[in-house]
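Student: The following block contains the structure, expressed as structure tokens.
The values are calculated or read from the model by the stated rules, or taken from the named source; none is laboratory data. Keep in mind the model is a prediction, meaning the values are calculated, not measured. Cβ placement follows ideal geometry from the backbone for every residue including glycine, while neighbour counts extend to all protein chains displayed. Just so you know, the surface numbers come from the protein's heavy atoms only, side chains and all, with ligands and any DNA or RNA stripped out. Shrake-Rupley method; radii C 1.70, N 1.55, O 1.52, S 1.80 Å.
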Amino acid sequence: MRKFIIFGLTGVGLLAGAFAGVLALMPPKTPPGLTLEGTGLAGLTRSELRTRLEEWWSRKKEERLTPHCANLAEPPLPMSLSRLGVRPDWNATLAGVRFESALESLLGRSAEAGKVRIVWATGTADLGRLEQFITENALAPRPASVRYDGGRVVREPEITPFRLASARVSVAAARAVEAGLTEFDLPIEAEPPRIASDVLDRITDVIGEFTTKFNAGNRNRSGNIRIAAERLNGQILLPGETLSFNETVGRRTQSAGFRLAGIYSKGRHEVGIGGGICQVSGTLFNAALLANMEIVSRRSHSMPVPYLSIGRDATVDFGSVDIAVRNNSDSPLAIVSEVDGGTLTFRVLGRKDPEVEVSVITTDHSSWGHSLTYVDDPSVEPGTEKIIEKGSTGRRCVTWRIVRRNGEEVSRENLGVSYYRAWPKIVARRDGVAAAFDDDLFVMPPLDPP
């Protein structure tokens, strides 16, 4: 009996060993629960799994990703993964799959399998049509701009010349596929912008604003105002940069759209190309004053103007007289203009300090009379006179800018003397003897700070 038992146990051991040997010879297979995009992949050998994955890829490679690029007028058409140069790396993918032996499966030692993680590789992309599309639809380079629209500061980032970074397209597409996305950003190589987007985003508030009025019915003068204001609109100044009125508006010519309108010339009312744009320069000057910008250059008119009080005007003459303002802050500023009917408004946009208040005053006013000049004009009826020029009283004042912080004055800046000559009143009469005399001549007091 004992021999029988020993013989039986020996037989069982031999059978068990033989069975274990058979199990060991069986190829490892994928564990239960392994899937890829909802398809079960359990119980497959390595070669069987690769076959199934290649079948999956034969369909998957025709799926499309949509390239995206903000510098294009139109979005590119979606492209297949194969055209984008995206493909699976089978060796790396299969290396990440856990295969279990038949014995492990029999003993119930299977671990949770989860999903097959495809490892993506990149190859040569077919980008000929994409590059042609980009050439045809690339947005023209443009500088960064800021505008004031409906009470809001609207910023548009700079667009610089760029080209497609072709060698990086496949990598960008592969990352998008791995993340489960349906679009990806095209890699581009662009020239660095003069004003980065994060710098542009610091322009958020109105920090200086000024409005003047004009006769909208005077079409020539109104047109000149609109042209000059539009050329200044949206100008951005980084810290330390200067805006020149003449350089920005340019030469006032008929070919540039400027028309004949009233101007001042040596105390007389004349007409000239670009008449009216001094109202633009004067309005800009006052907005810059209230924004606490540095006034680099400014000159008053030869005689007072009707749209601004004395000491607050600024004349310009291309090639000789300019107004220039500098951004003396540590943040970017933008100059924006608005023409609405018969009103002209300039605003300086930046980052407002709510504790600071800026005001402008004029002091030390003095005035003196003008002369009277008669000229002979045979067309005038005897005993009558015709006024050719009304003349202008001489004026002088000092302009000050006062800055207060939390109501306390922190600076008082002398912006200089504005001097307006006394121009003669000119009267025409027949057989008149040319004569001139001064009346109401006043001695001007010394100019002292207030």
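Student: Taking a 1.4 Å probe, which of Y420, Y307, Y148 shows the most accessible area, and what order do the others take after it? All intermediate terms of the calculation are to be shown ahead of the outcome.
Tutor: Details: Y420 0, Y307 45, Y148 70 Å².
From most accessible down to least: Y148, Y307, Y420.
Student: If you find the alpha carbon centre of region 324-364 and of region 63-81, how far apart are they in angstrom?
Tutor: Between the Cα centre of region 324-364 and that of region 63-81, the gap is 43 Å.
Student: For the chain, build the convex hull from the C-alpha positions and give me its volume per residue in Å³.
Tutor: 225
Student: Looking at the chain, which longest stretch skips every one of the GluC sites (Glu not before Pro) that is in a DSSP loop with at most 16 other Cβ atoms within 10 Å, leaving the sites themselves out? Walk me through the numbers on the way to the answer.
Tutor: Values: sites that count: E37, E62, E63, E112, E241, E355, E385.
Longest stretch, sites excluded: 113-240.
Student: Turning to a different aspect of this structure: Under a crude label model (7 Å from the Cα following the beta-carbon direction), how far is S367 from E191 in nanometres?
Tutor: About 5.5 nm, to one decimal.
Student: State the extension gain, in nm to one decimal, for the chain segment bounded by R430 and A92, taking 0.36 nm per residue of separation less the distance between their alpha-carbons. Provide the component values of the computation, followed by the final result.
Tutor: Values: separation 338, 0.36 × 338 = 121.68 nm, distance 10.80 nm.
Working it through step by step, the gained length comes to 110.9 nm.
Student: Rounded to the nearest 0.05, what FRET efficiency do Q132 and T182 have when you use their Cβ-Cβ distance and R0 = 25 Å?
Tutor: On the way: r = 23 Å, r/R0 = 0.93.
For Q132 and T182, the calculated efficiency is 0.60.
Student: Using Cα pairs closer than 8 Å and at least 6 residues apart in sequence, work out the relative contact order for the chain, in percent. Could you put the intermediate results ahead of the total?
Tutor: Details: 934 pairs, mean separation 53.2, N = 450.
The value is 12 percent.
Student: With a ≥ b ≥ c taken as the square roots of the eigenvalues of the C-alpha gyration tensor of region 255-409, please select rounded if a/c is under 1.5 and otherwise prolate if a/b is larger than b/c or oblate if it is not?
Tutor: On the way: a/c = 3.01, a/b = 1.84, b/c = 1.64.
The shape class here is prolate.
Student: Using only the Cα atoms of region 248-341, build the gyration tensor, take square roots of its eigenvalues as a ≥ b ≥ c, and label the shape rounded, prolate or oblate: rounded if a/c is under 1.5, else prolate if a/b is larger than b/c, else oblate. Each step should come with its number before you reach the end.
Tutor: Values: a/c = 1.89, a/b = 1.49, b/c = 1.26.
Prolate shape, in that a/c is at least 1.5 and a/b is the bigger ratio.
Student: Between D317 and residues 5 or more places away or on another chain, which pairs have amide H atoms under 5 Å apart, with H built 1.01 Å from N, and which residues are they?
Tutor: Amide H to amide H, under 5 Å and 5 or more residues apart or across chains, D317 pairs with D322.
Student: In whole Hz, with x marking every Gly and Pro, tabulate ³J(HN,Hα) for region 147-153 from phi via Karplus 6.51 cos²θ - 1.76 cosθ + 1.60, θ = phi - 60°.
Tutor: 9, 10, 10, x, x, 10, 8
Student: If you average the sequence gap of Cα pairs under 8 Å that are 6 or more apart and divide by the length of region 223-349, what percent do you get for the contact order?
Tutor: Values: 248 pairs, mean separation 43.1, N = 127.
About 34 percent, as a whole number.
Student: Give me the mean projected area, in nm² to one decimal, of the convex hull enclosing the Cα positions of region 333-440. Don't skip to the end; give the middle numbers.
Tutor: Working: hull surface 47.0 nm².
Computing the convex hull of the Cα atoms and averaging its projections yields 11.8 nm².
Student: Using +1 at the C-beta of Lys and Arg and -1 at the C-beta of Asp and Glu, which of I295, W368, W56 has the Cα lying farthest in the positive direction of the dipole of the chain?
Tutor: W56
Student: By the scheme Lys and Arg +1, Asp and Glu -1, what is the net charge of all other residues having a beta-carbon under 12 Å from that of N71? Don't skip to the end; give the middle numbers.
Tutor: On the way: positive: R142, R163; negative: E74, E158, D185, E189, E191.
In short, -3.
Student: Further, regarding this structure: Restricting to lysines 8 or more places apart or on different chains, can you count the pairs in the chain with Cα atoms under 21 Å from each other?
Tutor: 8
Student: Between T373 and residues 5 or more places away or on another chain, which pairs have amide H atoms under 5 Å apart, with H built 1.01 Å from N, and which residues are they?
Tutor: Amide H to amide H, under 5 Å and 5 or more residues apart or across chains, T373 pairs with K425, I426, V427.
Student: Here's a follow-up. If you plug each phi of region 357-374 into the Karplus form 6.51 cos²θ - 1.76 cosθ + 1.60 with θ = phi - 60°, what whole-Hz ³J(HN,Hα) values come out, in order, with x for Gly and Pro?
Tutor: These are the phi-based 3J(HN,Hα) values: 10, 10, 9, 10, 10, 10, 9, 6, 6, 8, 8, 8, x, 10, 8, 10, 10, 9 Hz.
Student: Taking all protein chains in place and a 1.4 Å probe, what share, in percent, of the accessible surface of the chain do carbon and sulfur account for?
Tutor: Numbers: 12780 of 24770 Å².
Carbon-and-sulfur percentage of accessible area, whole number: 52.
Student: Tell me, what HN-Hα J-couplings in whole Hz come from the Karplus equation 6.51 cos²θ - 1.76 cosθ + 1.60 at θ = phi - 60° for each residue of region 418-426, using x for Gly and Pro?
Tutor: For region 418-426, the Karplus curve yields 9, 10, 10, 5, 8, 9, x, 7, 10 Hz.
Student: For the chain, what does the helix formula give at 222 nm: sum of -39500 (n - 2.57) over DSSP H segments with n ≥ 4, over the residue count, nearest 500 deg cm²/dmol? Mind dumping the intermediate values first?
Tutor: Working: 10 runs with 107 residues, N = 450.
So the calculated ellipticity at 222 nm is -7000 deg cm²/dmol.
Student: So, for region 49-178, what is the accessible surface per residue at a probe of 1.4 Å, expressed in square angstrom? Before the final figure, lay out the partial values.
Tutor: Working: 7440 Å² over 130 residues.
Heavy-atom accessible area per residue stands at 57 Å².
Student: Can you sort W57, W400 by solvent-accessible area, 1.4 Å probe, largest first? Write out the running numbers ahead of the final one.
Tutor: Values: W57 35, W400 15 Å².
The most accessible residue leads, giving W57, W400.
Student: Anything in the chain that counts as a DSSP H helix reaching 27 Å or more along its axis (C-alpha) with Kyte-Doolittle mean of at least 0.5? List them, would you?
Tutor: Values: long enough: 2-25 (34 Å, 1.70).
Membrane-span-like by this rule: 2-25.
Student: Can you list the residues, at least 5 places off or on another chain, whose amide H is less than 5 Å from the amide H of L44, using H built in the peptide plane?
Tutor: The answer is T30.
Student: On to the next question. Defining a contact as two alpha carbons under 8 Å apart and six or more residues distant in sequence, what relative contact order in percent does region 148-276 show? List each step's numbers first, then the result.
Tutor: Working: 118 pairs, mean separation 24.2, N = 129.
About 19 percent, as a whole number.
Student: Any idea how far apart S255 and E294 come out in nm if each label point goes 7 Å out from Cα toward Cβ?
Tutor: With each label placed 7 Å out from Cα toward Cβ, I get 3.6 nm.
Student: Grab every C-alpha pair in region 187-336, bin the distances at 5 angstrom width from 0 up to the longest one, and report whole percents.
Tutor: Spelled out bin by bin, region 187-336 gives 2, 9, 18, 21, 19, 13, 9, 5, 3, 1, 1, 0, 0 percent.
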